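Asks: Mind having a look at this structure? Questions to follow.
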């Protein structure tokens, strides 16, 4: 029997196969070699079921039925990718071991965990944990496969995040919609973000501009000229600034105190996804999604950057 390698996306699966099984037979949904069969998940093949999967009464939105809190969450296949899920199940029957080669992060863990749960995969699982898709990294990663149990807490964190999204989204959206008699979407992330945007817009609308005045002096010592600024409370009246300037104009300055110290300036940290998106937006006007799509392509197809969804600023 062979070992089944499950990657997160087709490009990633083909890249792994090129290293581990360069002579693999190429099928549309998997590649098969002497020791390994490589297939992929195409992102999320499964998701949490809608409320009416637990009880038909939830098809109607009724505030009296809230909150909806399942004792155990049900998962359902994505109709668009159910054939790929079925193929993974068929391939698993021919294998006595599995390698989880999904992205090295929380969502990669969750994607694999749902597949394992839905298909009731009982084979022992090893984890491929790599941050880039170069041939060297893939080969080294397979030499150092880790036990899947090491990442159980990460899987639980991903599952908790997904179920929290469901609980807040399904219950709060129904509560606000039925209460206000208009369709309102509420979410764990989107609602606080909208609140921040709303509050900031209110601050902008309420902002009243005010003119401040600075007092600058030019100094000269041994043919060296330099400028200095008056330090104190902000000056809101021009006569206050003029009064300070008139007091010192043409007079000799005296240095009463100075400090010297050595400092170290460290290089910038590497990009994480958030910083990359922020800078790409500022420089090129890219949306967050466009930056992610470009970074993902540079990672998967061109192999020139490391895993883009990490929040780490360091290489392993």
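The values are calculated or read from the model by the stated rules, or taken from the named source; none is laboratory data. Predicted model only: the values in this text are computed from it and were never measured. Cβ sites come from the backbone with ideal geometry, for glycine too, and all protein chains shown count toward neighbours.
Asks: Out of the residues in segment 31-53 that are within 24 Å of the chain's Cα centre (by Cα) and in a strand (DSSP E or B), state the one that is farthest from residue 293 (Cα to Cα).
Replies: Among them, the one singled out is 48.
Asks: Of all the residues that make up segment 89-115, how many are touching a residue at least 12 places away in the same chain (Cβ under 8 Å) and not in a helix (DSSP H, G or I)?
Replies: Total meeting the criteria: 12.
Asks: Here's a follow-up. For residue 167, state whether it is outside any loop (DSSP other than H, G, I, E, B), out of contact with any strand residue (DSSP E or B) (no Cβ under 9 Å at 6 or more places or on another chain) and touching a residue at least 12 places away in the same chain (Cβ under 8 Å).
Replies: For residue 167, the condition - outside any loop (DSSP other than H, G, I, E, B), out of contact with any strand residue (DSSP E or B) (no Cβ under 9 Å at 6 or more places or on another chain) and touching a residue at least 12 places away in the same chain (Cβ under 8 Å) - is met.
Asks: Would you mind telling me which numbered condition in (1) out of contact with any strand residue (DSSP E or B) (no Cβ under 8 Å at 6 or more places or on another chain); (2) closer than 16 Å to residue 166 by Cα; (3) in a loop (DSSP other than H, G, I, E, B) residue 58 fails?
Replies: Tallying (1) out of contact with any strand residue (DSSP E or B) (no Cβ under 8 Å at 6 or more places or on another chain); (2) closer than 16 Å to residue 166 by Cα; (3) in a loop (DSSP other than H, G, I, E, B), residue 58 fails exactly one: (3).
Asks: Which numbered condition in (1) out of contact with any helix residue (DSSP H, G or I) (no Cβ under 7 Å at 6 or more places or on another chain); (2) farther than 19 Å from residue 107 by Cβ is the only one that residue 289 fails?
Replies: Going through the list (1) out of contact with any helix residue (DSSP H, G or I) (no Cβ under 7 Å at 6 or more places or on another chain); (2) farther than 19 Å from residue 107 by Cβ, residue 289 breaks only (2).
Asks: Go through the residues of segment 17-30 one by one and say whether even a single one is farther than 25 Å from residue 122 by Cβ, assigned by TED's automatic domain parsing to the domain that holds residue 101 and part of a helix (DSSP H, G or I).
Replies: Yes, segment 17-30 contains at least one residue that is farther than 25 Å from residue 122 by Cβ, assigned by TED's automatic domain parsing to the domain that holds residue 101 and part of a helix (DSSP H, G or I).
Asks: Also, quick follow-up: Being out of contact with any strand residue (DSSP E or B) (no Cβ under 7 Å at 6 or more places or on another chain), closer than 23 Å to residue 271 by Cβ and surrounded by fewer than 22 Cβ atoms within 10 Å (Cβ to Cβ) is the filter here, so list the residues in segment 83-129 that pass it.
Replies: Scanning segment 83-129 gives 105, 106, 107.
Asks: Could I ask something else about it? Which condition breaks for residue 253 when tested against (1) exposed (fewer than 10 other Cβ atoms within 10 Å of the Cβ); (2) at pLDDT below 90; (3) within 30 Å of residue 211 (Cβ to Cβ)?
Replies: With (1) exposed (fewer than 10 other Cβ atoms within 10 Å of the Cβ); (2) at pLDDT below 90; (3) within 30 Å of residue 211 (Cβ to Cβ) applied to residue 253, the lone miss is (1).
Asks: Let me ask something additional. Which of the residues that make up segment 116-161 are in contact (Cβ under 8 Å) with a residue 40 or more places away in the chain, part of a helix (DSSP H, G or I) and under 29 Å from residue 315 (Cβ atoms)?
Replies: If the condition is that a residue be in contact (Cβ under 8 Å) with a residue 40 or more places away in the chain, part of a helix (DSSP H, G or I) and under 29 Å from residue 315 (Cβ atoms), then 135, 138, 139, 142, 148, 151, 154, 155, 157, 158, 159, 161 are the ones that fit.
Asks: Oh, and also: Kindly provide the set of residues from segment 65-88 that are under 27 Å from residue 172 (Cβ atoms), touching a helix residue (DSSP H, G or I) at 6+ places or on another chain (Cβ under 9 Å) and assigned to a helix (DSSP H, G or I), ordered by number.
Replies: Correct list: 65 only.
Asks: Sticking with this structure for a sec: What is the residue count in segment 146-167 for residues that are more than 20 Å from the chain's Cα centre (by Cα) and not assigned by TED's automatic domain parsing to the domain that holds residue 97?
Replies: 1
Asks: Still on this structure: So which of 303, 290 is under 15 Å from the mean Cα position of the chain (by Cα) and not assigned by TED's automatic domain parsing to the domain that holds residue 138?
Replies: 290
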